[in-house]
Amino acid sequence: MSVILSASVVRVRDGLPLSASTDYEQNTGMQECRKYFKMLSRKLAQLPDRCTLKTGHYNINFISSLGVSYMMLCSENYPNVLAFSFLDELQKEFITTYNMMKTNTAVRPYCFIEFDNFIQRTKQRYNNPRSLSTKINLSDMQVEINLRPPYQIPMCELGPANGVTSAFSVDYKGAGKISSAHQRLEPATLSGIVAFILSLLCGALNLIRGFHAIESLLQSDGEDFNYIIAFFLGTAACLYQCYLLVYYTGWRNVKSFLTFGLICLCNMYLYELRNLWQLFFHVTVGAFVTLQIWLRQAQGKAPDYDV
């Protein structure tokens, strides 16, 4: 039978459950899926805002917005468009009912348990699609899903449930690459923002000097072509530092150190074209950005709430 079985509202930052539906069915499959709810709640900050996890005869779908995630468990043949339309209704009602300050400052699990009443009513409507009167919304949702399909979470990305490998788990050599692609960094600090702007400024200065060097080369043969290469390499290094400052990648700290080394080498080669203050500015900014990259680490694991 194609039905919605369970739903919950979870804070993305730390996986704190804010509300959940009352589940009366407690078979083995449901208990297994509750483990996956718990595991997903720890990784919400590292995952895209719309995802699906297939767990045998059941699917877990969720959407995240404004620091809150809306999760649901349904049978494997439940239509995707209905599943995400259901989650969208939960999201709109929750945002209307509770402001962000309340959700951000909540400290105990299920402090918005009264929202379960709305979850139950909405679940009953969506378990009887003939009673739905949202055909236009469903059409819009279908178009949105076609344009931006939900990310399919591989079981291996979650890891073993309670230390025991699940029966649904499969071997996947690229698991580390997938999880790192969605890893999120800690919130940017004021010094990090300043470092980003200064790195962009250095990149722009190198780019402008590079184009001037090209003009000089075209007008006379006296200009060294290697200077042009050094200017554009400096630009690329500054832009790549900005990328490392904003996004998480594998070997991020090593890449930042090598990029800083490239900036130093380019400025050493351009010694004749720049005064000491200009060289000091470019090298100092490169070192400052490298430090900010090292300081801005990936977000830590969320607390282990009993979801």
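The values are calculated or read from the model by the stated rules, or taken from the named source; none is laboratory data. This structure is a prediction, so every number in the text was calculated from the model and none was measured. Methodologically, a virtual Cβ is constructed for each residue, glycine included, from the backbone with ideal geometry; neighbour enumeration extends over all protein chains shown. In case anyone asks, the SASA skips ligands and DNA or RNA and just uses the protein heavy atoms, side chains included. Shrake-Rupley method; radii C 1.70, N 1.55, O 1.52, S 1.80 Å.
What's the carbon and sulfur percent of the range 190-295's accessible surface, probe 1.4 angstrom, rounded to a whole number?
Whole-percent figure for carbon plus sulfur exposure: 75.
Here is the link list: 35/92; 38/123; 102/255. Which ones come out longer than 30 Å on Cα distance?
102/255
Using per-residue counts of other Cβ atoms within 10 Å, averaged over each peptide, order 203-216, 264-277 from highest down. Let's see the in-between values first.
Values: 203-216: 16.6, 264-277: 14.0.
Averaged packing, sorted descending, gives the order 203-216, 264-277.
Per residue, what volume in Å³ does the convex hull of the Cα atoms of the range 190-295 enclose?
84
Could you give the accessible area per residue of the range 190-295, probe 1.4 Å, as a whole number in Å²?
Details: 6210 Å² over 106 residues.
For the range 190-295, the per-residue accessible area is 59 Å².
How big is the range 4-157 along each principal axis, measuring the range of its Cα positions in Å and listing the largest first?
Reported extents, whole Å, longest axis first: 39, 35, 33.
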